[in-house]
Amino acid sequence: MASLQLTVLGSGTSMGVPTLGCHCAVCDSADPHDKRTRPSILLAHNGRNVMIDTAPDFRFQAMREKIDRLDAVLYTHSHADHILGLDDIRPYNLKQRSAVPAYTTEDTQVTLRRQFAYVFDNVVTESSVPDVELHTIDGPFDLFGLRFTPVPARHGSQPVLGFRFGKAAYLTDFSTVPESSKHLLRGLDDFILDALRYTPHPMHSNVEQSLELVRELQPKRAWFTHICHDLGHERDNAKLPQGVRLAYDGLKFEVQI
Ligand SMILES: [Zn+2]
Ligand SMILES: [Zn+2]
Ligand SMILES: [Zn+2]
């Protein structure tokens, strides 16, 4: 049966864990699972590497996971913790002698063009700039033999995309999933979803809300991500029901496609 390998590059919230200047039990924890870089995942299939988001920690994540090539990036939305690593794709442009295609909504493209004006302004410079080819997502699409289905959701007042690929889905940075998207998230083996903390947040699903969604959608396994320092890996995993676990940087598993 065909499969891809999924790697969680980063499982932390926008500030990362440890949080700078914080000395809570989780930020000072010696458990490597409590070191959470900013959120992103890698999908490897047939020698091709597709990333979802380019976090500010992208370079560090790529070194850690020995990512030797990059074939495409999919963007969930345009918040800083999901896009700021874009500049670090340059070595792959040079090595592969080609642009890296980036798949995004039109909204996300507007922000990318603004935040990375030097990438998209077509001004000739003496320094190297990322070579990115923007593609607009307007429905399911195929890449290197993989089918990606966008899963529209809400992230506070703004839209966000999750992605389904085979028997898994990645849905970071959401507060609610509209009924019209739920059928895209049924029948999953693995569901990676936002669960920021226990206390409510206007733009993020919390542990209770994410557990409720997992109960409704019934994936075989659920993995919480975009986790802040309120949750300790060992301590809080012990409180979660069977089949639901905190993701961690470097988590890997096979996904049937
Ligand atoms: Zn985020
Ligand atoms: Zn802390
Ligand atoms: Zn966000």
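We did not get these values from a lab; they are worked out from the coordinates using the rules stated. Just so we're clear, the structure is a prediction, and the values are computed from it rather than from any experiment. When we count neighbours, we look across all protein chains shown, and the Cβ atoms used for this are built from the backbone with ideal geometry, even at glycine.
Ellipsoid fit via the Cα gyration tensor, the chain: semi-axes of 28, 21, 18 Å, each the root of five times an eigenvalue, largest first. For the chain, averaging the sequence separation of C-alpha pairs within contact (under 8 Å, six or more residues apart) and dividing by the residue count gives a relative contact order of 22 percent. Compared with the direct C-alpha span, the chain from H183 to R154 gains 8.9 nm at full extension, assuming 0.36 nm per residue. Straightening the chain between A238 and K95 buys 47.1 nm, computed as 0.36 nm per residue apart minus the Cα-Cα spacing.
A Cβ-based charge dipole, computed about the Cα centre of segment 163-230 with Lys and Arg at +1 and Asp and Glu at -1, lands at about 280 debye. Roughly speaking, what % of Cα-Cα pairs in segment 120-257 are separated by over 28 Å, rounded to a whole number? Here the tail beyond 28 Å accounts for 26 percent of pairs. From the alpha carbon centroid of segment 146-182 to that of segment 20-74 is 20 Å. Charge tally for G187 (other residues, Cβ to Cβ under 14 Å; Lys, Arg +1; Asp, Glu -1): +3.
Neighbours of R38, meaning other residues whose beta-carbon lies under 14 angstrom from its beta-carbon, give a summed charge of -3 when Lys and Arg score +1 and Asp and Glu score -1.
Under the convention that each Lys and Arg Cβ holds +1 and each Asp and Glu Cβ holds -1, the size of the dipole of segment 41-161 around its Cα centre is about 280 debye. Once both labels are positioned 7 Å from their Cα atoms along Cα-to-Cβ, the gap between E254 and R215 label points is 3.4 nm. If you plug the beta carbon distance of D28 and V123 into 1/(1 + (r/R0)^6) with R0 = 51 Å, you get a FRET efficiency near 0.65. Axis angle, to the nearest 10 degrees, between helix 106-115 and the longest C-alpha principal axis of the chain: 70 degrees.
T172: net charge of surrounding residues, Cβ under 12 Å, Lys/Arg +1, Asp/Glu -1, itself excluded? Write out the running numbers ahead of the final one.
Values: positive: R38; negative: D53, D81, D173, D194.
Counting the neighbours of T172, the net charge comes to -3.
A straight Cα-to-Cα reach below 17 Å connects K66 with the lysines K95, K252, residues fewer than 8 places away in its own chain not being considered.
Principal-axis analysis of the Cα atoms of the chain puts helix 207-217 at an angle of about 80° to the longest axis. Among T149, T37, T54, the residue with the largest mean-square fluctuation in a Gaussian network model of the chain, with springs joining Cα atoms closer than 10 Å, is T149.
Can you tell me which of 124-132, 220-228 comes out highest on packing, and rank the rest after it, using the mean Cβ neighbours within 10 Å? All intermediate terms of the calculation are to be shown ahead of the outcome.
Details: 124-132: 11.7, 220-228: 22.6.
Order by mean packing, descending: 220-228, 124-132.
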